[in-house]
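For reference, the structure is listed below as structure tokens.
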Amino acid sequence: MTLCIRRTFEADRLRSILVRGPNWLGDAVLALPMLANLRRSFPAARISLLVRPWLSDLFQASPFIDDLLVIPSRNQFAWAVTALRRRRFQLAILLPNSFRAALISALAGITHRIGYVTGGRGPLLTVGVCTPGKRSLHQADAYLGLLRAFRWDAWEQPTGLTFPPGGDGDAERLLAAAGLGPDASFIGINPGGAYGTAKRWPAERFAEAADLLSDRLGTIALLFGSPKEASVTRAIRARMRRAAVDLGGKTSLSTLASLLRRCRLLLTNDTGAMHLAATLNVPCVAIFGPTDPHLTGPLGSGHHRLSHPPPCSPCHYRDCPIDHRCMRAIEVKDVVAAAEALFEGSVFNERGGVRLAPAVFLDRDGTLNEEVGPLQYPEHMRPIQGTPAALKRLGEAGFLRIVVSNQSRVARGDATEELVEATHQRLLHLLRQEGGSTDAFYYCPHHPEEGRFPFKRTCLCRKPGPGLVQQAVHEHQVDLTRSYVVGDQITDLMLGHRMGLPSVLVLTGFGHDTLRQLEAAGGPRPSHVASDLLSATEWIVGRSGTG
């Protein structure tokens, strides 16, 4: 991430912040992690959010903001300039990439304006954030990147939404009118796509999939869609032979959320309702064609993302100019199989969603494998004795096993990122031979001396910085309240302290040296000291009551 700074400021002095919210439901939902972390990073600041009227229900009860400003239907430009100038905001964070959003904030006299440099609006920004030419960030991470440009030292992962009263009552009335009681088992069907027809899986396939799932799982389909998509839901209902409720055009945003919570899963295109369901912890079978699931897919690990991209995908067209081959390549049997796997394999909490999983964040070198200095050859990788058994035990106890490692030798020129990844894959191969495994591997390739806050530093991922854990929590639906950090160095203990997690010091690798340093000079004390990872695992499992 590259920054263009026109005017610097002291972030700790901010007391009034405006966030210009996205214009689409999906993007608005994906902005929630950024808003949550903004709130936690600036607990004393007054945070206002500016949004379109159709998104107001999403944020009316949000704990992350103090004021909700709703753009009127008329005289939008003049109203926005006047209203924002009157409030005298110190900082504007512009989530939409439009020139208009930057111009309004500049004309409103907001001193500091942060946004991505796109569409010729760079001169209107005081902190312009540049990304690589080819988009590579998930949309949620792109929003977090704006916060990272000036502050991201606290982490909050929103695990649900709070809507104003009314949605639950409306949902109950709609279900009662269809003759459905509280014991009915629902799957949601979301066949629309506001962006265009290219993102829509064929209606006849949705109908066939819903019927097959009803036959096999005893479910009733709830068909969701906006008023503009009501014709699509009607077409699907007309093709179905099993019970279904057509709710196209009949739900407000809060009612939609209430109904989604009642669904065992959602079968969906790449839409805003997909992101809403994911944030509500409802498993999704998400179908992708002209868009990239790595960039706009549902957040978390409790979902199936289906795509069979031809060479022309992702094209991001609104309407396919040829034969819609990307969507037609996804067959009904693929969707039904994915839905059955989610339906039968998911662990559901009291609200019907996927339960967040605890994790053990593991250092790699000296904790999982022998510490032998910089590795230039993957074949030299050697797991520490007992590590495969420890990882297997953690997995059986329900913990995600997430490796977080500093690999500054990439920045120093001693290794490439390909070598780091190849070395880890070699370790993973050796672990699996003895029954062990890991669920994710994150590493920081940056130099230890790379810049400093507020603007020169683009790296917050180097331990004990929170970035690697933040990313893992964001991508894997981790429950931090039940998670741990394990490592052999002070940076691992500091990471645990910073994230508020219990830490375990293992006496492998540099563990003995670390313990001596702590005893001599003080420092963050581990919650437990273990001889190796296997011993640490037994302590964690016993303490968590998951064994």
Exercise. Would you pick out the residues in region 276-291 that are part of a helix (DSSP H, G or I) and under 17 Å from residue 342 (Cα atoms)?
Worked result: 277, 278, 279
Exercise. When residue 17 is evaluated against the numbered criteria (1) under 23 Å from residue 166 (Cβ atoms); (2) at pLDDT 90 or above, which criterion, by number, is the only one it fails?
Worked result: (1)
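Look at region 365-414 and say how many of its residues are acidic (Asp, Glu) and part of a strand (DSSP E or B).
Residues of region 365-414 that are acidic (Asp, Glu), as a first pass: 365, 370-371, 379, 396, 414.
Next, only the ones that are part of a strand (DSSP E or B) stay: 365.
Going through region 365-414 one residue at a time, the tally reaches 1.
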Problem set entry | Near pairs, Cβ below 6 angstrom, 6+ apart or cross-chain, from region 52-70 (of a type in the set (S, T, N, Q)) to any residue that is crowded, with 17+ Cβ neighbours inside 10 Å | none
Exercise. In this structure, does residue 22 turn out to be without any contact (Cβ under 8 Å) to a residue 24 or more places away in the chain and outside the structural domain of residue 471 (by TED's automatic domain parsing)?
Worked result: no
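Can you say whether residue 507 is of a type in the set (A, V, I, L, M), touching a Phe, Trp or Tyr at 6+ places or on another chain (Cβ under 7 Å) and touching a residue at least 12 places away in the same chain (Cβ under 8 Å), as far as the supplied structure shows? It would help to see each step written out before you state the result.
Details: of a type in the set (A, V, I, L, M): yes; touching a Phe, Trp or Tyr at 6+ places or on another chain (Cβ under 7 Å): no; touching a residue at least 12 places away in the same chain (Cβ under 8 Å): yes.
Judged against the criteria, residue 507 is not a match.
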Exercise. Here are some conditions: (1) surrounded by fewer than 18 Cβ atoms within 10 Å (Cβ to Cβ); (2) over 25 Å from the mean Cα position of the chain (by Cα). Residue 252 meets all but one. Which one does it not meet?
Worked result: (2)
Problem set entry | Pairs with Cβ under 8 Å, 6+ apart, first in region 305-326 and under 17 Å from residue 271 (Cβ atoms) and in a loop (DSSP other than H, G, I, E, B), second at pLDDT 90 or above and of a type in the set (D, E, K, R) | none
Problem set entry | helices (runs of 4 or more DSSP H) lying entirely in region 448-547 (those with 3 or more residues that are modelled with pLDDT under 90) | 467-476, 490-499, 511-521
Exercise. Applying the selection to region 28-52, what residues are surrounded by 22 or more Cβ atoms within 10 Å (Cβ to Cβ) and touching a Ser or Thr at 6+ places or on another chain (Cβ under 6 Å)?
Worked result: 29
Problem set entry | Tally, over region 415-447, of residues that are surrounded by 18 or more Cβ atoms within 10 Å (Cβ to Cβ), polar (S, T, N, Q) and in a loop (DSSP other than H, G, I, E, B) | 1
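So, in region 392-404, how many residues would count as being without any contact (Cβ under 8 Å) to a residue 60 or more places away in the chain and crowded, with 16+ Cβ neighbours inside 10 Å? Reasoning before the result, please.
Taking region 392-404 as the starting set, the residues that turn out to be without any contact (Cβ under 8 Å) to a residue 60 or more places away in the chain are 392, 395-396, 401, 403.
Now drop any that are not crowded, with 16+ Cβ neighbours inside 10 Å, which leaves 392, 395, 401, 403.
Residues in region 392-404 being without any contact (Cβ under 8 Å) to a residue 60 or more places away in the chain and crowded, with 16+ Cβ neighbours inside 10 Å: 4 in total.
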Exercise. Taking residue 294, is it modelled with pLDDT under 90 and in a loop (DSSP other than H, G, I, E, B)?
Worked result: no
Exercise. Are there any pairs with C-beta distances below 9 angstrom linking a residue in region 232-244 that is part of a helix (DSSP H, G or I) to a residue that is aliphatic (A, V, I, L, M) and surrounded by fewer than 21 Cβ atoms within 10 Å (Cβ to Cβ), with the two at least 6 apart or on different chains, and if so which?
Worked result: 232/203; 233/203; 235/203; 236/203; 239/203
Exercise. Can we say residue 231 is surrounded by fewer than 17 Cβ atoms within 10 Å (Cβ to Cβ), over 14 Å from residue 268 (Cα atoms) and of a type in the set (Gly, Ala, Ser)?
Worked result: yes
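The values are calculated or read from the model by the stated rules, or taken from the named source; none is laboratory data. Since the structure is predicted, the reported quantities are computational estimates derived from the model, not experimental observations. Here Cβ is always computed from backbone atoms with ideal geometry, including for glycine, and neighbour counts include all displayed protein chains.
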